[in-house]
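Novice: Got a structure for you, questions after.
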Amino acid sequence: MNHFEHRKLRKGVAAYVDGEADAALAVAVRRHLTECWSCSEDAEWLAVVKAALVHVGARRAPELTIARLGRFALCLLEQPRSTS
Ligand SMILES: [Zn+2]
């Protein structure tokens, strides 16, 4: 994993987890996740948050809660980390 690739793809992780990445980005992110501990951890957290929101079902979370969780997830992606 190189640092340039990490910086380029880390913002695509959320789109990938949400299934919103185009085919080229999805391939690049999927490959990157096998090599980057930081991004794979982010992807795992985003998937957990997404799954938690899906299982809310009829007890839909208030819009403010959804917005706060989304903002929290983005903060996780934007925190500088060691990429070793
Ligand atoms: Zn990365």
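Quick note: the coordinates plus some simple rules give every number you see, no bench work behind them. Model, not experiment: these values are computed from the prediction. Backbone-built Cβ (ideal geometry, glycine too); neighbour counts: all protein chains shown.
Novice: Length gain on complete extension for the stretch residue 44 to residue 68, per 0.36 nm per residue less the alpha carbon to alpha carbon distance?
Specialist: 6.8 nm
Novice: Let me know the charge dipole size of the chain about its Cα centre in debye, to the nearest 20, where only the beta-carbon of Lys, Arg (+1) and Asp, Glu (-1) is charged.
Specialist: Charge dipole, the chain, about its Cα centre: 160 debye, nearest 20.
Novice: Right, another one. In whole angstrom, how long is each semi-axis of the equivalent ellipsoid of segment 3-78, when you take the square root of 5 times every eigenvalue of its Cα gyration tensor and sort them from largest down?
Specialist: Those come to 25, 13, 10 Å.
Novice: Continuing with the same structure: Name the cysteines of the chain that stand alone by the Cβ rule: no other cysteine Cβ under 4.7 angstrom.
Specialist: Lone cysteines by the Cβ rule: 75.
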